[in-house]
Structure formats: structure tokens, C-alpha cells
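The values are calculated or read from the model by the stated rules, or taken from the named source; none is laboratory data. The structure presented is a predicted model; accordingly, all values stated were derived computationally and were not measured. Here the Cβ positions follow ideal geometry from the backbone for every residue, glycine too, while neighbour counts run over all protein chains shown.
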Amino acid sequence: MEMDTEENEISLLDLLLVVADNLKLLILGPLLAGLLALGIGYTLPQSFSSQAILALPTQPPTQPPAQAAAMMVSPLVLDPVIVALNLSGGQAIEQARTELAKQIKATVGKDALLRLDVSATTALQAQAIANAVIDHWLKNTLPTPQEREDLEQRLAYAKGALASVDRLLARLTAEGAASLGQPLTRGEAGTSIVAVGELQARYFAEVLTIPRALQGLSRDAVVKQAPTLSVEPVAPKKSLIAVLAALGAGFALLLWVFMRQAWKRAAQDPQAAQKQVRLRAALGLKG
């Protein structure tokens, strides 16, 4: 038992001795690797991000948040953005659209808010793309010509019906009809002031909401946070790259030092030395 403890202590001392003998290499190596990685990080293209938050109204006209998020990365929005900001760079529209879609992320949170995150090589470009995406998405909320025609017809009918209901309700009130809910004994049979009031409320709601549907969603109504202008790049993380490079180099050098020491010790054992010779021969290395 004492011999095992002594052997363990000797092994630990041997390891510490190996580290001490190669201390400069284990310190300078990771330091140089970290500095080199930091320099490479400065040469890599930077990426800036612009974030916007949108809240879709619950009253018409509206789009489900998931549908709005999907539309923002669809050709209906991306193609006009590419043309407006001249993002094609001589590429085909399909390729430019694919690359732009990678820069845009539209997600819907548990709070039903739509979050738009756009990345680009400059902060101004990221903000410009985010604004363009929002603007062209809003244009797609406008009704089509056929939908506009149908809505205008509905609006005209609702206005006419509301005017008729207003006149009917005014006449019923003036005639001193029975209390609310009691059927009338003359005029429109079976019609009550309560029922007429419900009709009035329904047509009045249509007169209010149809013009909003004709105008589509407005920027002021849905944009809760305008696209931001970042001052720091989100990638590459130069400090993180340098730290990871230094740690990786330190681990690799430490492993190499121990393996080299183990190889030297194995050369002192005749049986292990023969295996080393066979290994060199198999790898085509000179002794």
C-alpha cells in the first residue's frame, strides 16, 4: 500500500516536472495562438443586427402573427426589398432572395409580439433592410383590386342600412313605442327597439372597420419598436475567438508534451522500444 502511494507521488511529481520543463512553451504557445486568433477575428467580416418589435391589432384588419412572420421572408416582400435597396449585386433574383432570407429572422413570441431581426455587414444596412421589410410587408396588407371592390360595395350597403336603421329607430322612439324588448303593435310587426338597436350597432361597426380594411395596416399602429441602429457588431466575437483559441492551443500543447515524455520513457524499455521501431516502419518514418 505504501509502495502504491509512493509510486503515485512519483508519477505526480514526474508530471509536474514535465510541465515545469515545458512551462515557457505551455505559456507562450497559447498566448501566441490567442493573439493570432484575435488578429484573424479583426479581418473577418463583421455582422450587425437591427431589431424591431411589431404588435398586430386584434381588431380587423389584421393578420395572424405567424402569417405575418412567414410573409416577411416570402418573395412578396423580399423581391421588392432587393429592388428598392439594390441588393442583387448582379446576381439572379432567386439567388439574391435566398441570401437575403438568411439575413432575416421573424419570430412570434408567447406574448404574440412579432420580433424582426435583420443582420448585415453594416449597422445602417441592417436598419435599412429592416425598415424596407416592414414597409413592403405593410403594402401587402392592402386589399387587392377585387377585394377593394367587394369592400367598397359592403361599405356602401352598410352605410345605407345604417341610415335606414337610424331613421327607423328615431321613428320608433318618437312614436313612444312600448318599453325595450316589447313587440310593437303597429309599424314593423315583430320588431322591437332592442332588435333595431342591435342592427344599428352591427352596421355601425362595419362602417368603422371596412375603411380600415381598405387602408391596410399602418406603420404607426403596428410598430412598437422601430428597427434599432446597433453600435457594436454581433459577430464575430473576437474576444471569445481568442480565448477559445488560447484554451485549445494550451490543451493541445499539454497533450503533446505528455505524449512526447511518454514516448521518451517508452524508448528506455526494450520491449516498448521494439514496438516503437515497428510503428515507425509501419508509418514509413526513419528511426
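Conditions (1) among the acidic types (D, E); (2) surrounded by fewer than 18 Cβ atoms within 10 Å (Cβ to Cβ); (3) closer than 22 Å to P64 by Cα; (4) without any contact (Cβ under 8 Å) to a residue 24 or more places away in the chain, marked per residue:
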{"residue": "L100", "(1), (2), (3), (4)": "no, no, no, no"}
{"residue": "K110", "(1), (2), (3), (4)": "no, yes, yes, yes"}
{"residue": "A123", "(1), (2), (3), (4)": "no, no, no, no"}
{"residue": "T141", "(1), (2), (3), (4)": "no, no, yes, no"}
{"residue": "E149", "(1), (2), (3), (4)": "yes, yes, no, yes"}
{"residue": "G160", "(1), (2), (3), (4)": "no, yes, no, yes"}
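Specify the residue that is modelled with the highest pLDDT; the eligible residues are those in the stretch 224-262 that are of a type in the set (V, I, T) and surrounded by 13 or more Cβ atoms within 10 Å (Cβ to Cβ).
Selected residue: T228.
Among A112, A128, A120, which is the only one that is of a type in the set (G, A, S), at pLDDT below 90 and assigned by TED's automatic domain parsing to the domain that holds L87?
A112
Name, by its number, the condition in (1) at pLDDT 80 or above; (2) over 20 Å from P57 (Cβ atoms); (3) assigned to a loop (DSSP other than H, G, I, E, B) that does not hold for L199.
Going through the list (1) at pLDDT 80 or above; (2) over 20 Å from P57 (Cβ atoms); (3) assigned to a loop (DSSP other than H, G, I, E, B), L199 breaks only (3).
Kindly check whether there is at least one residue in the stretch 263-271 that is of a type outside the set (D, E, K, R), outside the structural domain of W137 (by TED's automatic domain parsing), at pLDDT below 85 and part of a loop (DSSP other than H, G, I, E, B).
yes
How about the stretch 210-220: which of its residues are surrounded by 16 or more Cβ atoms within 10 Å (Cβ to Cβ) and farther than 15 Å from Q146 by Cα? Step through it out loud before you land on a result.
Let us first name the residues in the stretch 210-220 that are surrounded by 16 or more Cβ atoms within 10 Å (Cβ to Cβ), namely 210, 212-213, 217.
Within the stretch 210-220, R212, L217 meet the criteria.
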